[in-house]
1. Could you calculate the FRET efficiency of residue 18 with residue 100 from 1/(1 + (r/R0)^6), where r is the beta carbon distance between them and R0 is 22 Å, rounded to 0.05?
2. May I ask you to derive the FRET efficiency for residue 7 and residue 84 from their Cβ-Cβ distance with R0 = 30 Å, giving the value to the nearest 0.05?
3. Around residue 35, which amide H atoms from residues at least 5 apart in sequence, or from another chain, sit under 5 Å from its own amide H, with H modelled in the peptide plane?
4. For residue 34 and residue 68, calculate 0.36 nm times their separation in residues minus their Cα-Cα distance, and state this gained length in nm to one decimal.
5. Report the net charge of residues surrounding residue 49, where surrounding means a beta-carbon distance below 11 angstrom and charges are Lys +1, Arg +1, Asp -1, Glu -1.
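Nothing in this text is a laboratory measurement; each read-out follows from the coordinates by a stated rule. Since the structure is predicted, the reported quantities are computational estimates derived from the model, not experimental observations. Cβ atoms come from the backbone with ideal geometry, glycine included; neighbour counts cover every protein chain shown.
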Amino acid sequence: NRGKIDIMYHDKDKDKGLCRLCVRPYKSLKMYESVQISVKGQYYDGRIVRVRSNDKYNVRTDLKGLQKNVKGYLLRRSVNTLEEGTIVEAKFQGGSGDWFKGKIKKVNADGTFDI
């Protein structure tokens, strides 16, 4: 298992022998950051209005109002916070599904990116 990583997910599932590219650092979300929140399988745009302890957040959305004590794994960063020059990790198109570090060169009108 040399050079491989074993991991336990938030739901207690486990993976063994993941490659280095299959794991990336988790960056904490910050106050006022734009996010998308998963509510019953649907994602809603929102903004973090309070950072609580133990990876929990209060998030205000237009459609669902204030959501309190939301677990971090139910949130994802809003894509629209990405802009030209942002350093990102992206899955290579048409390939192995691996993540690669890159920089956004252009934000296209259709919401896609040139990296």
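1. Plugging the Cβ-Cβ distance into 1/(1 + (r/R0)^6) gives 0.85.
2. 0.35
3. Amide H neighbours of residue 35: 46, 47, 48, 78.
4. 10.7 nm
5. In short, +4.
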